[in-house]
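Working notes for the structure below.
The values are calculated or read from the model by the stated rules, or taken from the named source; none is laboratory data. Remember, it's a predicted structure, so these values are computed and weren't measured experimentally. All Cβ positions, glycine included, derive from the backbone under ideal geometry; neighbour counts span all protein chains shown. We work out accessible area using only protein heavy atoms, side chains counted, and drop any ligands, DNA or RNA first. Shrake-Rupley method; radii C 1.70, N 1.55, O 1.52, S 1.80 Å.
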Amino acid sequence: MNLNKNQKIAVETSDRYLCILAGPGTGKTLTITAKIIHLLNSGINPEEIAALTFTQKAAIEMRERVLNNLHKKEDLPFIGTFHLLCIKLLREFLPEKEKYFKICTRAMQKEIISVLSNKNPDKIIEKITKFKNTGLNLDEKTTEFYEKYEQKKIELNLLDFDDLLIKTLHLLNKKIIPPLFSHIIIDEFQDINKIQYEIIKKLLKKEGSLSVFGDPDQAIYSFRGSEIDLFLNLPKDFKNLTLINLSLNYRSQANIIYASNKFITANIKRFSKKIEPLRQKGSKLTLIEVEDEYDEGKTIVKEIKSRLGASDFTETYGNREETQCTFSNFAVLARTNRQLKIIKDFLAKAGIPVKTIRRDTETWIASIVKKLTELISGGYTSKKILKDIRLSEFLESSGILEGLNDLEVSMLKNISKSYDTGKLLEQIHAFIDELSGLTSFDLFPENLNAVSLLTFHASKGLEFPVVFITGFEEGLVPYTLSSDYDLEEERRLFYVGMTRAMNDLIIIHAKNRLINGKKLSLPISSFIKEIPSECIAIKEVRIKKDVPKQNGLF
Ligand code: ATP
Ligand code: MG
């Protein structure tokens, strides 16, 4: 693939501080991969490089591409999430009696909190996380849970994801961890929080270089304490910051770009960016109005079936490629997981394979971690096995993979590829750390030929030829029910959803919907007024035998 002019500059420049602020589909993630390969090819020691991604899934893909360009696997630099980086640093720099901590996964957090309270554990964890990351006040009741929760973790020798960051920063502040990297590259910079930012500043060597890539319009994690204001701090903290814009969008047809770009200008707190479509205009966005969630499901099935097998044309910068439309071309997005559940049942009944983020990921991963830990602490036999084989062989021969499905096996093997060098015992420890740091987002079976069902949050960074956005109703989009409702963040979330689409964007509004057991008639989302009407075609769908309806939306 040929990089464009600005992508090339971002890859090759020797300017020390780089900020690549660019819209969706402009090749930020692709450029980061090219930059890592470029640094390695110019002879930089891999140990001097750290590339931070938002999910381990993104990291695994990036590693794969980098590995394909390397002669020796040993030359793979650190590519992973902040959490994984912190795990590695803490294992190395914590005092001996503390360094053998275990990771408190989300599932374990829930377990601890559930024992303490019969309230929704997700809400309590969310509050505690926000408190630990931003220092914002906790109410009295949550403070009580918080103290008991912290105590329980100490008893069990556990560190949760927030502790990993806080402890690492603490060791950096005390200069126990020295600055370690000469090249730090960060993807999805808009979603890092203050603690992560401080960690990065302290890990960078005095003469080191920092490159951040991000899009403030896609900042969607403020509940975890991320701050788009960090973009504003950059020029103050890093003098002579070089700003590069990638304005060419390779992903979406022009209509989608025009509509989404116009839509996001409704936000007041934002940087304006230039974005130019490379692809042709394409078809208009489609707005479909249906009766209820059942018709929504049926409509998606119908739209998918009508497109399957048809020829799809994707032009990338002069190359026109013909592909056949298959299940994996489609994604169905929604604001909440609950909405996706109903759609999943519909698609399954219609014989359409689906892939979705598994809520039980952490449970099966935890069982693998447990088995691995038992194996390596077992008797002599296992030590003998450990001697002569590599991690991937070990996984096969140890029985760890038994009982897993093909997908789970291929995911584990994929991750193990990055740990196939050095001493086996060390490889296994590193592998266990990486597994423990995975969240349900990270194990999305991307290669499976099936329709993706994703929340807006989980769709970040991905792209699909055909995207359905469901539940286009005021209350769901924007989601006004959350306790810390923020309209601008809701707009950014919808923007992330829209900009996943390459060729077709279909938005569905149901006039009635069952929400929390109540049948509600929510009006169409107010966001409709912010999408230019010339970009969108309205389609009325009548599935039931009722009176024809009017097209009365505008
Ligand atoms: P997002 O903000 O959604 O994460 P991004 O800026 O990271 O988007 P990428 O995912 O890196 O964008 O790239 C989007 C698409 O454009 C990918 O399919 C990628 O392969 C393609 N692309 C990027 N740069 C080029 C290029 N120079 N030539 C051809 N295709 C490109
Ligand atoms: Mg990206």
### Message
Give me the tail of P(r) for the range 450-506 as a percent: Cα-Cα pairs with distance above 12 Å.
### Response
66
## Note on the structure
The distance between the Cα centres of the range 289-311 and the range 56-116, in whole Å, is 40
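How large is Rg/Rh for the range 19-62, to two decimals, with Cα atoms and a Kirkwood Rh?
Result: Rg/Rh = 0.98.
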### Query
Just the projected area, averaged over all directions, of the convex hull on the alpha carbon atoms of the range 317-357: how many nm²?
4.4
### Message
Let's test the formula: R0 of 35 Å, r as the Cβ-Cβ distance of residue 166 and residue 239. What FRET efficiency results, to the nearest 0.05?
### Response
0.80
### Query
For the range 131-199, what's the radius of gyration and Dmax over Cα atoms, in angstrom?
14.8, 45
### Query
What list of ³J(HN,Hα) values in whole Hz, one per residue of the range 233-243 in order, does the Karplus curve 6.51 cos²θ - 1.76 cosθ + 1.60 (θ = phi - 60°) give from phi, with Gly and Pro shown as x?
6, 3, x, 6, 7, 10, 5, 6, 5, 8, 9
### Query
Per-residue HN-Hα couplings for the range 521-536, Karplus 6.51 cos²θ - 1.76 cosθ + 1.60 at θ = phi - 60°, whole Hz, x for Gly and Pro?
10, 8, x, 4, 3, 5, 5, 4, 6, 9, 9, x, 5, 5, 8, 10
### Query
Equivalent-ellipsoid semi-axes (√(5λ), Cα gyration tensor) for the chain, whole Å, largest first?
38, 28, 25
### Query
Remind me, what semi-axes does the range 57-118 give for its equivalent ellipsoid, largest first in whole Å, using sqrt of 5 times each Cα gyration tensor eigenvalue?
32, 18, 7
### Task
Set the Förster radius R0 to 30 Å, insert the Cβ-Cβ distance between residue 348 and residue 281 as r into 1/(1 + (r/R0)^6), and round the FRET efficiency to 0.05.
0.25
### Under 15 Å, Cβ to Cβ, from residue 409 - net charge with Lys/Arg +1 and Asp/Glu -1
-1
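Starting from the Cα-Cα distance between residue 446 and residue 363, subtract it from 0.36 nm times their residue separation and give me the gain in nm to one decimal.
Between residue 446 and residue 363, full extension yields 27.9 nm more.
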### Query
Expressed as a whole percent, how much of the Cα-Cα distance distribution for the range 173-313 exceeds 21 Å?
62
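Per the helix-only calculation at 222 nm, which mean residue ellipticity applies to the chain, given -39500 (n - 2.57) for every DSSP H run of n ≥ 4 and division by its residues, nearest 500 deg cm²/dmol?
-13000 deg cm²/dmol
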### Task
Provide the packing ranking of 267-277, 492-502, i.e. peptides ordered by the mean count of other C-beta atoms within 10 Å per residue, highest first.
492-502, 267-277
### Query
Taking the Cα atoms of the range 15-101, what is the range of coordinates along each of the three principal axes, in descending order and whole Å?
46, 31, 27
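With the cut-off at 28 Å, tell me which of the pairs 72/413; 239/417; 202/371; 152/202 have Cα atoms farther apart than that. Write down the numbers at each step before the final one.
Working: 72/413 19 Å; 239/417 39 Å; 202/371 36 Å; 152/202 30 Å.
Pairs exceeding 28 Å: 239/417; 202/371; 152/202.
Roughly how many percent of the accessible protein surface of the range 454-526 is carbon and sulfur, given a 1.4 Å probe and a whole-percent answer?
For the range 454-526, the apolar C and S fraction of the accessible surface comes to 55 percent.
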### Message
Per residue, how big is the convex hull of the range 1-160 when only Cα atoms are used? Give it in Å³.
### Response
170
### Query
Which number do you get for Rg(Cα) / (2.2 N^0.38 Å) in the range 347-476?
1.30
### Task
Can you work out the accessible area per residue across the chain, with the rest of the protein chains kept in place, probe 1.4 Å, in square angstrom?
46
#### Entry: Loop-located trypsin sites (Lys or Arg not before Pro) in the range 92-158 whose Cβ has at most 10 other Cβ within 10 Å (DSSP)
97
#### Entry: Positive dipole terminus of the chain, leading residue within 461, 475, 252 (C-beta point charges)
475
### Message
What number do you get for the range 408-475 when its Cα radius of gyration is normalised by 2.2 N^0.38 Å, N = residues?
### Response
1.53
